[in-house]
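To keep things clear, I will list the structure first and then write my remarks on it.
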Amino acid sequence: MNLLHKALIIDKSDFIRKILTHHLQAKNIAVKTANNGTEGLALFYKALPDCVIIDTNLSDITGLQVIQEMKKYDSNTNIIITNDVLEKQDVTQLINLGIKKFNLKPYRIDKLLESMER
């Protein structure tokens, strides 16, 4: 049973945001999207999504900063990292923040949807 109702996608790629939105809406999940960290945080506080899908390579602030702020606000936030490259120190910091779900690009949509389950 899928308990996911709202998702937030934070990715600088318009193409990625559109593809993910299409697939999530097909699963009856309401989707908000942002192309940078500042916009993503504003939407996070407003929408309080069940799941955040984020590429940490953002244009304005780092994804790590965004995740730290989200975790301060709600430590139970389900966050999935969808980078194409992750440095070892970034992975360590993300794990220390409680992140357990990583889907490196290019990823399969079905695997990403699986990782969204709580």
So, for the Cα atoms of the stretch 2-44, Rg and Dmax in Å stand at 10.2, 29
Could you tell me the relative contact order of the chain? Use alpha-carbon pairs under 8 Å, at least six residues apart, and round to a whole percent.
25
Along principal axes, Cα extents of the stretch 31-95, largest first, whole Å:
32, 24, 17
After finding the eigenvalues of the alpha carbon gyration tensor for the stretch 6-116, what semi-axes result from the square roots of 5 times each, listed largest first in whole Å?
19, 16, 14
How big is the dipole moment of the chain about its Cα centre under a simple scheme where the beta carbon of each Lys and Arg is +1, that of each Asp and Glu is -1, and everything else is neutral? Debye, nearest 20, please.
260
Divide by every residue of the chain the summed helix terms, -39500 (n - 2.57) for each DSSP H run of at least 4, and state the resulting mean residue ellipticity at 222 nm, rounded to the nearest 500 deg cm²/dmol.
-13000 deg cm²/dmol
Please build a GNM for the chain, connecting alpha carbons under 10 Å apart, and tell me which residue among 103, 78, 28 fluctuates the most.
28
Return an integer: the convex hull volume of the alpha-carbon atoms of the stretch 59-116, in Å³ per residue.
88
With the dipole of the chain worked out from charges on the C-beta (+1 for Lys and Arg, -1 for Asp and Glu) around the Cα centre, which of 57, 29, 16 lies farthest toward the positive end?
29
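Here, each number is a calculation from the coordinates, and none is a lab measurement. None of the values given here were measured: they were computed from a predicted structure. Methodologically, a virtual Cβ is constructed for each residue, glycine included, from the backbone with ideal geometry; neighbour enumeration extends over all protein chains shown.
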